[in-house]
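The values are calculated or read from the model by the stated rules, or taken from the named source; none is laboratory data. Since the structure is predicted, the reported quantities are computational estimates derived from the model, not experimental observations. Counting neighbours? That spans all protein chains shown, and the Cβs are built from the backbone with ideal geometry, glycine included. These accessible areas exclude ligands, DNA and RNA; they are computed on the full protein's heavy atoms, side chains included. Shrake-Rupley method; radii C 1.70, N 1.55, O 1.52, S 1.80 Å.
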Amino acid sequence: MLHLAGTGLVVKLVLCILVFFSVVSWAIIFFKLLQVYRANSESERFLDFFWKTKRFDGINSQLDRFTNSPLTVLFSEGYGELKRLVEKGDQKEELDVMSTELGGIENIARALRRATTSEITRLEKYVTFLATTGSTTPFIGLFGTVWGIMTAFKGIGETGSASLAVVAPGISEALIATAIGLVAAIPAVMAYNHFQYKIKVLIATMDNFSTEFLNIVQRTVTKK
Amino acid sequence: MSHTRQSRDTGLGWGLATSCVVHASLAAFFLLYRFSPPAPLEAPVYYVDVVNLPVASPRAGSPVTGGSSLPAASPPPPKPAEMALPRKQTPARAAAPKKATSSRESDASQAFEERMAKLQRAIDERRQEAAIDALRRKTAGSGRQPERVGTPGGTGQEAGSDYASYIQSRLTDAFQSTIAHQSKTPEVIVKLTIDAGGHIARKRIERSSGDKIFEESVFKAIARAEKTFVPPPGGGEFEYGFIFRPQGVGKK
């Protein structure tokens, strides 16, 4: 790495940018790994708990056990909207049995959609940086290499020596930029694809949960 | 607007810290791997070519002329012997299977061997005579100027030729580090004039190669070699032409 001391200012700047991209993308990878893992595992636990518990108020009181699951947000939003509808109709005593007007179902669906959207936004936060890293860092590295080779050839022209011993070090230094660009890009692209798949699975789980929640509410209303 | 419940996230800070640690570890590992001292191997063996050992100072003689002003007096020694060997063996091998059948051939080869031995003896005698003659002349020169034995300072002509060899050896050394060329076989003839102080008074290209890079490397070599020049013998100016080729520097 010491021979980087001989590189030009532009190549050094390019290397700094690439290192920045690499550090931040790995930070996002670590962060997202934990976030997605927790979201998946706690969502599974929450669904088990949801289907075992028959009462919404009982579920609502235990939401703090599943803080990392996006489904708890959906449930909280749906339950809150349901509660408001019931309170509006002065039917507080009927809340425990989920009694509401049929027209209120639309309100609950909208609340669930809004919660789903906000959770998708939260889950996809920073992932775009990985895509940016994967697509741009090889080009940034390539730019550094081209610039380095240009400088090397200029130096060769000035010294007047065209031997391999003079040409090779400059080109070797310049190629480091491309290498670091690829080192930054490859994990970022792999992580981006992995997180995209995991987030897609979570979105499907949230959609399914929303549908199930609305079904339960509607069944209860029509039963009344 | 109702209060929206949000999932709890830890933030990117710890991820950044972990990433920095990972990158720093990788960089440290890379540096250690790259710049760790290599395992000690066998002690290096150096070979010194004692025969062709270069001589830096002209006072001790030139490496090109071998410290003698009589290079033509000593003929190249091993050539006759080398020539004699294969001729001696080849007919012997070829004749071996036919030994019983042709005795005339073996007689001829014996006569040839004897002739070659005679020639060898004659060459040895001539070489010895030349060496003795050279020694006599050298001794006579040293009687006149004992402090300048083997130097270009003895007589006018001899001094000039030796100093040229010295300059040639300095130019050769400097040219090795500056040589660069574009064309395949460039050749430049430069006439140098060295003043009494050992500095280059004039340099003139007598024949250009058309290869600009080569000519620049020649001038760089001259400038570099100039620092090692000593004043020419006799206290006057010294002028000589040198031929620069990718193979080295020669005298014109």
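May I ask you to derive the relative contact order of segment B:150-251, considering only C-alpha pairs under 8 Å and at least 6 residues apart, and to give it as an integer percent?
Working: 185 pairs, mean separation 37.9, N = 102.
37 percent.
So what does B:S169 come to for accessible area, using a 1.4 Å probe and Å² rounded to 10?
Counting only protein heavy atoms, B:S169 exposes about 10 Å² to solvent.
Of A:C16, B:C20, which has the most accessible area with a 1.4 Å probe, and how do the rest follow in descending order? Don't skip to the answer; put the middle values down first.
On the way: A:C16 90, B:C20 70 Å².
Largest to smallest exposure gives the sequence A:C16, B:C20.
Of B:K203/B:K227; A:K54/A:K125; A:K125/A:K198; A:K83/A:K198; A:K83/A:K200, which sit over 23 Å apart, Cα to Cα? Numbers along the way, then the final one.
On the way: B:K203/B:K227 15 Å; A:K54/A:K125 34 Å; A:K125/A:K198 13 Å; A:K83/A:K198 32 Å; A:K83/A:K200 30 Å.
Checking Cα-Cα distances, A:K54/A:K125; A:K83/A:K198; A:K83/A:K200 exceed 23 Å.
Buried accessible area for the B:A pair, summed, 1.4 Å probe, in Å² rounded to 100? Working shown, then result.
Values: alone 18580 and 12800 Å², together 28830 Å².
Separately minus together, B and A give about 2600 Å² buried.
Which percent of the accessible area of segment B:150-251 is formed by carbon and sulfur heavy atoms (probe 1.4 angstrom)?
Details: 2300 of 4810 Å².
Here it works out to 48 percent.
Sort B:105-115, B:186-196, A:191-201, B:23-33 by the packing proxy (mean of other Cβ within 10 Å over each peptide's residues), most packed first. Walk me through the numbers on the way to the answer.
Details: B:105-115: 12.5, B:186-196: 18.3, A:191-201: 16.7, B:23-33: 10.9.
Top to bottom by mean Cβ count within 10 Å: B:186-196, A:191-201, B:105-115, B:23-33.
For segment A:100-224, with all protein chains present and a 1.4 Å probe, just round the carbon and sulfur fraction of the accessible area to a whole percent.
Within segment A:100-224, the accessible surface is 67 percent carbon and sulfur.
Tell me, what is the percent relative contact order of segment A:140-189, built from C-alpha pairs under 8 Å that lie six or more residues apart? Before the final figure, lay out the partial values.
Numbers: 38 pairs, mean separation 27.8, N = 50.
It comes to 56 percent, rounded to a whole number.
Considering only A:V86, A:V167, A:V146, give the residue with the highest GNM mean-square fluctuation for chain A, with springs between Cα atoms whenever their separation is below 10 Å.
Maximum fluctuation in the GNM of chain A, among the listed residues, is at A:V167.
How high is the FRET efficiency from A:T220 to B:A17, r the C-beta distance, R0 60 Å, rounded to 0.05? Let's see the in-between values first.
On the way: r = 49 Å, r/R0 = 0.81.
E(calc), rounded to 0.05, equals 0.80.
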